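All of the numbers you see were taken from the coordinates with simple rules; none came from a lab. Keep in mind it's a predicted model, so treat the numbers as computed, not measured. Neighbour counts are summed over all protein chains in view; Cβ atoms, including those assigned to glycine, are modelled from backbone coordinates with ideal geometry.
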Amino acid sequence: MPSPPRPRTDPLWSLTAACDADPRADRLDLLVGVYRDDTGSSPVFGAVAEAERDLAARAPSKEYLGPAGNRDFTDALTRTLFPSAAVRDTILAVQSVAGTGALRLLSELLAATGPDRTVHLGTPAYLNHRSILTTAGLRVREYPMLFPDGRPDPDAALAAVAAAAPGDALLIQGCCHNPTGAAMPGHRWEELAHALAARGVVPFVDHAYFGLGDGLDADLEGVRRMLEVVPEAVVAVSASKAWGLYNERTGCAVVVSDDPARRALAYGVMETTARAGYSQPPDHGARIVHEILTRPGLRADWLGELDSMRQRLGRLRDGLADALAERTGSTAFEPLREQRGMFLRLPLTTDQMARLRDEHAVHGLPSGRINLTGVPAPLVERVAEAVARVHGGSAAARPALSGARG
Ligand SMILES: Cc1ncc(COP(=O)(O)O)c(C=O)c1O
């Protein structure tokens, strides 16, 4: 009997296993996208801890909620993310198993409603995007989002839309692009929205890092503007980063359409997909987010904590860029200051990233992506020194990825 094809595993987990197995006491894990404080642990938001205490005291029932999950949660979340009255009436939201689950539900929806649909995906892309899309049966066409020198090409998505067939979809990250840290200003979102609407291409937005770029409203401005323009869109929302609920698997799949029949169809596909996959999403994280969003004091606390994290990310990024400029005398690291979010993409080749790991015990992705919060303030100088050594002071270092995934 022929042996079955080997499944393609996500390299992030094998790299993490290799980091865990690194015997050097000073090894630095800059791989996975989890916010860490200066002690290296992933803190629980104060607002989350308080919501959990209150929920425990009230001991709400744990009865089944159905495949669409906790509707109070999806309602509070979508009101926060998309407050415009005009958009609200066109929204269908289903709770998902975190952002990944939302991406999967929406991919199944796109596949079921457009058998010939291709999804256009800018590269370098989030490691899991292609896999989620193809597992749902969608075709994927990649386009390079960066110039060969590693700078973001602001017109790349527009060109991809122009080359797409009507009915195709364009996958766009809402803010703080993983892995490049690229940010798209609000007016470019609007321009892209008009191009998508004119071409009949569906925007598929992945929003995982809102609040960690330029502030909650600023990070959501692009998608909000887009939803005012396009007739249909799908948005995958993750609560993992903005509430620090990584292992609670909390998220939401949002479908925006001004046609009630299309929304009903979408609900049917997502309900069936959920029912056949895991039946219903877990509720604990959803209750926490609902509690935070609907109690004014807790909401203000959460917003304050999120903003402190964002400001710390800015300080870490600038601190590293300063230290690198000082050590190398090169301008190659200046673009780091423009990047946003939890990740930083160093302008290093895959070989240089391997040297960073082998010679300096600093573990990042081959794409040059590192988790900034894995570099607590006291270690900025050490990481800058290591990067400067492998970079060799050459301003001509070629970025690791232009086209490959990272
Ligand atoms: C761009 C992007 N989208 C979606 C996700 C999914 O997050 P989760 O499933 O943990 O909510 C991640 C996680 O790292 C991500 O980086």
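Relative protection proxy for 228-241, 305-318, from highest mean packing down: 228-241, 305-318 (other beta-carbon atoms within 10 angstrom).
Please identify the trypsin sites (Lys or Arg not before Pro) of the range 43-108 that satisfy two criteria: DSSP loop assignment and at most 16 other Cβ atoms within 10 Å. Which are they?
62
Computed extension length for residue 12-residue 32: 6.5 nm, one decimal, from 0.36 nm per residue of separation with the Cα-Cα distance subtracted.
Considering only alpha-carbon pairs that sit under 8 angstrom and 6 or more positions apart, the relative contact order computed for the chain is 25 percent.
If r is the Cβ-Cβ distance from residue 389 to residue 299 and R0 is 45 Å, what FRET efficiency results, to the nearest 0.05? Efficiency, rounded to the nearest 0.05: 0.45. DSSP finds beta bridges in the chain, and of those with both partners inside it, around 45 percent are antiparallel.
Residue-wise HN-Hα couplings along the range 149-166, as the Karplus relation 6.51 cos²θ - 1.76 cosθ + 1.60 with θ = phi - 60° gives them from phi, are 7, x, 6, x, 8, x, 9, 4, 5, 4, 5, 5, 5, 4, 8, 7, 8, x Hz; Gly and Pro carry x. Among 106, 346, a tally of other beta-carbon atoms within 10 Å of each Cβ gives an order, fewest to most, of 346, 106. For the range 78-118, the residues whose backbone nitrogen is under 15 Å from a point 7 Å from the Cα of residue 276, taken along Cα to Cβ, are 104-115.
Enter the angle in degrees (range 0 to 90, nearest 10) between the Cα long axis of helix 71-81 and the first principal axis of the Cα atoms of the chain, meaning the one along which they spread out most. Helix 71-81 sits at roughly 60 degrees to that axis. Counting only alpha carbon atoms, the long axis of helix 216-229 and the longest principal axis of the chain meet at about 50°. Beta bridges per DSSP, both residues in the range 195-274: antiparallel share near 65 percent. Annotation for the range 348-389 versus the range 230-258: alpha-carbon center distance of 31 Å. Around the amide H of residue 143, modelled in the peptide plane, lie the amide H atoms of 121, 122, 123, all under 5 Å away and 5 or more residues distant in sequence or on another chain. The magnitude of the dipole of the chain, with charges of +1 and -1 set on the Cβ of Lys/Arg and Asp/Glu and taken from the Cα centre, is near 700 debye. Taking the C-alpha atoms only, the angle from helix 380-391 to the longest principal axis of the chain is near 70 degrees.
Work from the charge dipole of the chain (Cβ charges, +1 for Lys and Arg, -1 for Asp and Glu, about the Cα centre) and give the residue of 154, 324, 140 farthest towards its positive end. Towards the positive end, the residue furthest out is 140.
Each of 206, 37, 116 was scored by other Cβ atoms within 10 Å of its Cβ. Arranged with the fewest first, they read 116, 37, 206.
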